[in-house]
């Protein structure tokens with residue numbers, strides 16, 4: 001353990017950063033407190049300081065509650081072997097990387113023995129070392145092997161099958177050791193296996209025609225590293241929070257015939273509206289309205305596994321044949337989707353609108369809503385054309401004139 005910078009008093013932010021960087025062991029709150037000789041009262045202040053530093057983006061925590069510089073690597077972490085180059089150098093990447101805006105680091109692995117040569121897809125627990133602008137990994141323990149999937153097209157050459165990678169990051173050719181039911185010309189997902197100099201692949205899923213729309217979506221997902229699988233921790237948390245009650249103290253808006261208006265092929269429904277003539281004598285000819293959006297924040301709490309997954313993804317990604325959601329489906333398509341006849345947690349804004357369209361007042365509330373109907377844009381436009389005195393284009397859907405050309 002590195003020597004403390006001083007013995008008494010709460011350390012500064014910079015002193016904590018220097019200690020974390022110079023420590024040759026994982027540095028958690030206990031190690032920091034011991035190094036700086038903190039009293040019981042100072043340990044309480046240290047906990048608050050570390051939380052502030054995490055909120056400010058100065059440090060991040062690793063499994064086991066050790067800290068490291070934000071955008072850096074924990075002293076000890078799980079790595080996955082990503083490549084073995086022609087020179088025999090082994091390269092690894094962190095199994096999980098959540099630093100926003102910071103490229104995933106590649107670490108050169110220093111193997112202690114060539115007898116236990118590492119292969120692509122192997123997982124190791126390793127001690128990390130920063131060497132200038134690069135990183136070095138010192139293996140401590142081999143872990144159970146995980147998946148390293150790549151996307152490619154099967155090709156026959158003589159009596160052998162080969163996989164031609166379609167991703168920019170890996171367009172090499174690999175001999176196929178197990179093709180399953182895949183045929184030459186098929187787009188497949190495959191798992192790398194073996195050790196240098198003989199790395200082969202095993203087909204894990206046959207996707208079919210590489211020119212089908214479904215295949216273009218999969219290629220884009222792999223090409224752009226769009227996260228399309230959730231960590232087990234996030235899935236378990238989603239299942240748990242989806243079962244929790246909607247919460248006490250919410251305004252009950254379930255009697256309002258509030259409706260959600262979306263494209264006909266919408267996969268989820270985020271918001272809904274309701275409006276009616278205002279019965280307030282101080283607002284003659286005016287309107288009252290409610291706009292409600294799904295209260296996702298009730299289920300996704302700061303710092304949770306779901307929050308980390310959502311930050312890693314940033315948004316949902318829509319393709320013609322699928323959606324890669326920001327949150328697990330039980331949240332994105334179920335409890336956080338405003339569905340007809342279902343009670344849902346929502347954030348609601350009550351609006352009072354004057355006859356001339358001026359916004360007179362508003363208030364926000366956490367509420368429970370029950371959607372009366374999910375309506376497509378085209379159907380909503382048809383209703384507007386039927387009941388509004390002047391037909392028009394209100395949902396981006398052109399409406400034909402209601403009478404002969406030139407008629408009012």
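The values are calculated or read from the model by the stated rules, or taken from the named source; none is laboratory data. These numbers come from a predicted model, not from an experiment. In this analysis, Cβ positions are derived from the backbone assuming ideal geometry, glycine residues included, and neighbour counts consider all displayed protein chains.
Kindly indicate whether residue 361 is outside any strand (DSSP E or B) and either at negative phi or modelled with pLDDT under 90 (or both).
Values: outside any strand (DSSP E or B): no; either at negative phi or modelled with pLDDT under 90 (or both): yes.
It is false that residue 361 is outside any strand (DSSP E or B) and either at negative phi or modelled with pLDDT under 90 (or both).
Please tell me if residue 369 is at pLDDT below 90, under 30 Å from residue 244 (Cβ atoms) and in contact with a strand residue (DSSP E or B) (Cβ under 8 Å, 6 or more places away or on another chain). So that I can check it myself, show each step before the final result.
On the way: at pLDDT below 90: no; under 30 Å from residue 244 (Cβ atoms): yes; in contact with a strand residue (DSSP E or B) (Cβ under 8 Å, 6 or more places away or on another chain): yes.
When the stated conditions are applied, residue 369 does not pass them.
So which residues in the range 112-142 are at pLDDT below 75 and surrounded by 15 or more Cβ atoms within 10 Å (Cβ to Cβ), if there are any at all?
Matches in the range 112-142: 119, 120, 121.
Does at least one position in the range 36-52 carry a residue that is modelled with pLDDT under 75 and either touching a helix residue (DSSP H, G or I) at 6+ places or on another chain (Cβ under 7 Å) or under 23 Å from residue 303 (Cα atoms) (or both)?
yes
Kindly indicate whether residue 220 is surrounded by fewer than 18 Cβ atoms within 10 Å (Cβ to Cβ) and touching a helix residue (DSSP H, G or I) at 6+ places or on another chain (Cβ under 8 Å).
Against the criterion (surrounded by fewer than 18 Cβ atoms within 10 Å (Cβ to Cβ) and touching a helix residue (DSSP H, G or I) at 6+ places or on another chain (Cβ under 8 Å)), residue 220 does not qualify.
Of the residues 273, 323, which is surrounded by 12 or more Cβ atoms within 10 Å (Cβ to Cβ) and at pLDDT 90 or above?
Result of the check over 273, 323: 273.
So residue 297 fits all but one of (1) over 21 Å from residue 250 (Cα atoms); (2) under 17 Å from the mean Cα position of the chain (by Cα); what number is the exception?
Result: residue 297 fails condition (1) only.
I need the full set of residues from the range 185-195 which are surrounded by fewer than 17 Cβ atoms within 10 Å (Cβ to Cβ) and at pLDDT below 80, in order please.
The answer is 195, and nothing else.
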